[in-house]
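Chemist: This is the structure I want to talk about, given as structure tokens.
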Amino acid sequence: MVKRSEVVQAFLDLYPDPDYLEIGVSLGTTLHAVKARRKVGVDPGFKFDVKAVGPEHPDTEYRVCTSDAYFGAAPRDEMFDVVYLDGLHTLEQTLRDLLNALEHLKPHGVIVIDDVYPISYAASMPDLVASKRLRRALGVEKAAWMGDVYRLVFFIQTFCQSLSYAGVAENHGQLVVWRGARPEDAIPHRRVEEVGRMPYETAVLDGSVFGFTALSEIVEAVRATIEGRPPPALSTARSAPGKRGGALPGRHPAAGMTRDERLARRKALKGAGKAPRPRPASPAP
Ligand SMILES: C[S@@+](CC[C@H](N)C(=O)[O-])C[C@H]1O[C@@H](n2cnc3c(N)ncnc32)[C@H](O)[C@@H]1O
């Protein structure tokens, strides 16, 4: 499984002196692992003493506030090459983070969004407390909370035609977003309300919406747009991350599910594999 920091670094390496913004830092596992000219980390509740670690990380600025507070006060000319959105995992917050991040993204920059592919119904619930209660009732102790960020992918696919995106096939489910218009026939017709209520099972059954693609291919597509070349077509997969043709390594997204949930999921994915080839989420030629 490719680490979060490896995905972020793969994109930072595309720029000569990159500027990096991370929304939601927690222990700093990603923020402190990646290399960039300047790093800004935003979190209302850092899980380390930001003053104590300051001298060890002179290239890093810590903003102890919510993403809304940060973006509300950030100078207009504070721009980044790579932005990693990993704060509050709800559709509404992540959508606001995405729209705000686009205002602070350099023309050829990249936004990476975490946890877009929930590993179970409980993990997909937007209410963390309700999610924990359900997991306890099901006896699923270790499952992560990913919230309903998956709905943001449906939103981007439907309403953000000027953005191209692809899911990273080799990990738990991260989405890479960059500027580049998608052709009209790649845009499905959905109502906003439909996206806001998109059920978890649709994410599983229509895995094609995520455009899961090998990281190296996504990097090449972004490199092409930076260099002003036509981007190569992505060999987008139909199913879940780590399952692309069965060839890519990666933790199975069913990890943490009960046996019954795993069986139901396997059946659903089998059905999704028979679906017609998905429309590519690749940039326009
Ligand atoms: C999953 S953790 C981040 C992990 C980190 N990005 C990494 O890769 O190691 C989520 C973090 O988001 C923070 N968070 C929650 N609400 C937030 C908000 N509104 N704005 C920014 N960060 C928020 C939490 O305090 C938590 O530390």
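Chemist: Order the peptides 131-137, 48-54, 117-123 from the highest to the lowest mean number of other Cβ atoms within 10 Å of their residues. Intermediate results must be reported in sequence, preceding the final value.
Modeler: Details: 131-137: 15.4, 48-54: 11.7, 117-123: 24.9.
Ranking the peptides 131-137, 48-54, 117-123 by packing returns 117-123, 131-137, 48-54.
Chemist: Now, a different point. Return a whole-number percent for the relative contact order of segment 95-211, with Cα pairs under 8 Å and 6 or more residues apart as the contact set.
Modeler: RCO, segment 95-211: 29 percent.
Chemist: With a 10 Å radius around each residue's Cβ, average the other Cβ atoms per peptide and rank 166-174, 219-227, 55-63, highest first.
Modeler: By packing density, highest mean first, the sequence is 166-174, 219-227, 55-63.
Chemist: So what is the relative contact order of segment 1-114, in percent, for Cα pairs below 8 Å that sit 6 or more residues apart?
Modeler: Contact order relative to length: 27 percent.
Chemist: Lysine pairs, Cα distance under 19 Å, 8 or more residues apart or cross-chain: how many in segment 31-153? Kindly include the intermediate steps, with their values, before the conclusion.
Modeler: Values: LYS35/LYS106; LYS39/LYS47; LYS39/LYS51; LYS39/LYS106; LYS132/LYS142.
Total qualifying Lys-Lys pairs in segment 31-153 comes to 5.
Taken together, the values in this text are just the output of simple stated rules run on the coordinates, not laboratory data. None of the values given here were measured: they were computed from a predicted structure. Cβ coordinates were reconstructed from backbone atoms using ideal geometry, including for glycine residues, and neighbour counts include every protein chain displayed.
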